[in-house]
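One structure is given below, encoded as structure tokens.
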Amino acid sequence: MAETKLMRALRGEVHEVPPAWMMRQAGRYLPEYKATREKAGDFLSLCYTPELAAEVTLQPIRRFGFDAAILFADILLVPQALGMDLWFVTGEGPRLEPVDDHRKVALLKPAEDIHETLSPVYETVRILSRELPRDVPLIGFAGAPWTVATYMIAGRGTPDQGPAHAFKNADTAAFEMLMARVTDATIAYLSAQVEAGAQVVKIFDSWAGSLQGEDFVRYALEPAKKITAALKHRHPGLPVIAFPRGAGEKYADFHAATGADCVAIDQDTDAAWAAAHVQNGGCVQGNLNPAHMVTGGQALVDEVRRIREAFRGGPHVFNLGHGITPDADPDNVALMLETLREG
Ligand code: CP3
């Protein structure tokens, strides 16, 4: 298979113009996404209908010409595959049946049973492997165990991950049993995505920033290391992107500590600091503030140039620091890419 620009950057090649894609590039800011979502009926039906999930994955590639596609799915499909009810409340977000005591953790399905629920996702990957242009690799993904566990324990998104911290401190053994189950399920899920044709995987730890000290090591770093090692053992040469969002100074040395090929940087981390303290370990991804996709203009142009400049000394994948929001203007996405590629 031809080595694409994204794959070469992940392996350490430095580019004058870095490859670019965007977190949540298939999403509600695109009218064509909204139309397909309408056709599916609801968000979860869209995730589980391979033809439609493949269609929305392809939409931003056709419209903008990104250098990578990301599988359309959600990190909360894994808890659902472990046996928990999952639904989305319009305008509010996800809801799950909370797993907040030892007994409920023990009732979760074994990790190897997840494929029954998740097989439509693998079918989406197979369709995309056939339909994506040759120079556009497919990124598979999953949530990191801590982030997924925060939703499982609270039954919803929380501003400070309070319920997950409380459960961790009150019954560490049950919490660690839950983390172990999600870790094993994540390895099985990502491995199946790779077998179906995903060429890169990304692990989203959106709430890593709320873990401090030894907790960060045990519940963010160690699981990322375990998942990365297991995947690379099964799929030699597979590039792994890790996203410990909000890690702050704990971003330093994250490559070496986990074995990830690329570390994704959020917008609260200074690009010049990240170039000195993270990019020295390997490829970095990021870190434009998604707010610029709403406001655009000269500030967007200046920021794209500043970030490209900050990371030009090493391998870099241009991206946002977090997902694009529904109020973003597609014209600003085009302006971002035009500015990046102006040479
Ligand atoms: O990046 C992509 O384009 C790939 C698809 C993708 C989605 N979610 C689609 C989605 C990915 C990689 C995710 C990851 C995800 N999902 C994370 C980690 C990254 C992050 O954003 O921090 C988290 C925490 C979730 C859980 C989740 N899914 C929440 C909290 C919500 C509701 C938030 C909201 O904006 O409504 C979702 C829903 C969701 N996942 C949407 C999309 C496009 C919007 C749903 C819709 O169409 O109504």
Next on the checklist: Can you find a residue that is within 16 Å of the ligand (Cβ to nearest atom), modelled with pLDDT of 95 or more and part of a helix (DSSP H, G or I) anywhere in segment 318-332?
Outcome noted: yes
Checklist outcome for this item: Sole miss for D253 among (1) out of contact with any helix residue (DSSP H, G or I) (no Cβ under 7 Å at 6 or more places or on another chain); (2) at pLDDT below 95 is condition (1)
Checklist entry - Could you count how many residues in segment 228-241 are buried (at least 19 other Cβ atoms within 10 Å of the Cβ) and either among the charged types (D, E, K, R) or without any contact (Cβ under 8 Å) to a residue 60 or more places away in the chain (or both)? => result 4
Item to check | Residue that is farthest from the ligand (Cβ to nearest atom), among those in segment 255-285 that are assigned to a helix (DSSP H, G or I) and within 20 Å of L6 (Cα to Cα) | outcome: N280
Checklist outcome for this item: Taking segment 188-213 and keeping residues free of Cβ contacts under 8 Å to residues at least 60 places away in the same chain, crowded, with 24+ Cβ neighbours inside 10 Å and part of a loop (DSSP other than H, G, I, E, B) leaves none
Next on the checklist: Tell me which helices (runs of 4 or more DSSP H) are completely within segment 85-187 and hold 3 or more residues being farther than 19 Å from L211 by Cβ, or say none if there are none.
Outcome noted: 102-106, 115-131
Checklist entry - Among the residues of segment 6-32, which ones are surrounded by 15 or more Cβ atoms within 10 Å (Cβ to Cβ), assigned to a helix (DSSP H, G or I) and over 19 Å from the mean Cα position of the chain (by Cα)? => result R8, E32
Item to check | Restricting segment 93-122 to residues that are within 16 Å of the ligand (Cβ to nearest atom) and over 27 Å from A170 (Cβ atoms), the residue that is surrounded by the fewest Cβ atoms within 10 Å (Cβ to Cβ) | outcome: P120
Checklist entry - Across segment 45-68, what is the number of residues that are more than 12 Å from the ligand (Cβ to nearest atom), closer than 15 Å to I139 by Cβ and touching a Pro at 6+ places or on another chain (Cβ under 7 Å)? => result 1
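The values are calculated or read from the model by the stated rules, or taken from the named source; none is laboratory data. All values derive from a computational prediction rather than experimental measurement. Here the Cβ is made from the backbone with ideal geometry for all residues, glycine too, and neighbour counts use every protein chain on show.
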